1. If I ask for residues that are touching a residue at least 12 places away in the same chain (Cβ under 8 Å) and loosely packed, with under 12 Cβ neighbours inside 10 Å, which ones from segment 4-29 would you list?
2. Basic (K, R), within 21 Å of R145 (Cβ to Cβ) and at pLDDT 95 or above, is that true of R57?
3. Test V35 against the criterion of being in contact (Cβ under 8 Å) with a residue 60 or more places away in the chain and touching a Ser or Thr at 6+ places or on another chain (Cβ under 7 Å), and give yes or no.
4. With respect to E46, is the statement that it is without any contact (Cβ under 8 Å) to a residue 24 or more places away in the chain, out of contact with any Gly (no Cβ under 7 Å at 6 or more places or on another chain) and not small (G, A, S) true?
5. Check L158 against each of (1) of a type in the set (A, V, I, L, M, F, W, C); (2) under 16 Å from C83 (Cα atoms); (3) free of Cβ contacts under 8 Å to residues at least 40 places away in the same chain and name the one condition it does not meet.
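The values are calculated or read from the model by the stated rules, or taken from the named source; none is laboratory data. Keep in mind the model is a prediction, meaning the values are calculated, not measured. Here the Cβ is made from the backbone with ideal geometry for all residues, glycine too, and neighbour counts use every protein chain on show.
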Amino acid sequence: MTEGDESLVAEFLSRRDEEAFRALYRRHSPRLWLVILRLLGGRDAEAQDALQDTWIRAAARLPEFRWEARLSTWLTGIAVNRCREAWRGDRRAPRETELAEEPRAEAAAGERLDLERAVRALPDGFRAVLVLHDVEGYTHDEIARLLAIDAGTSKSQLSRARARLRETLGPARAVGKVAP
């Protein structure tokens, strides 16, 4: 049986135990990596930097963590904030968000949908809400806190993100909502 997060954090904080920190890193990094990669639109190098920064910030702030939420939720909040900083930096260099060169409904019936690519092409705010809600399972209230927006804005952006995905994937591929 593996140690729980609480005991690993206690070990790390009391003795700066590197092995305890590594165990936390191994336990939480795969999910954090996927969240960060999706939030940053698939930009691998930037996602690697963001993951590293997330852990640096987490290590520095662990003494302040009060266990009012799960450690994974707290780490995701740090990761989301790091991604938001990256989005603000992107404002100086606008990116293309359309997949105009991609074939739509004409694709062969057996062809696999490239949903990940379509999600990466969404504007940052739409992508963040879609990933946090439909992929990670956060509620609109939780997303509102993570992104510092209103819950109504979260709902609106999710609706718009889903509509954009349906438009991008084409009418023959769209089956309605991405997830309930």
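1. E6
2. Working: basic (K, R): yes; within 21 Å of R145 (Cβ to Cβ): yes; at pLDDT 95 or above: yes.
Yes: the conditions hold for R57.
3. Yes, satisfied.
4. On the way: without any contact (Cβ under 8 Å) to a residue 24 or more places away in the chain: no; out of contact with any Gly (no Cβ under 7 Å at 6 or more places or on another chain): yes; not small (G, A, S): yes.
So E46 fails the test.
5. Tallying (1) of a type in the set (A, V, I, L, M, F, W, C); (2) under 16 Å from C83 (Cα atoms); (3) free of Cβ contacts under 8 Å to residues at least 40 places away in the same chain, L158 fails exactly one: (2).
Residue-wise test of (1) modelled with pLDDT under 95; (2) among the small types (G, A, S); (3) within 19 Å of R38 (Cβ to Cβ).
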residue: N81; (1), (2), (3): yes, no, yes
residue: W87; (1), (2), (3): yes, no, yes
residue: E106; (1), (2), (3): yes, no, no
residue: E116; (1), (2), (3): yes, no, yes
residue: R127; (1), (2), (3): yes, no, yes
residue: D134; (1), (2), (3): yes, no, yes
residue: I149; (1), (2), (3): yes, no, yes
residue: K155; (1), (2), (3): no, no, no
residue: K177; (1), (2), (3): yes, no, yes
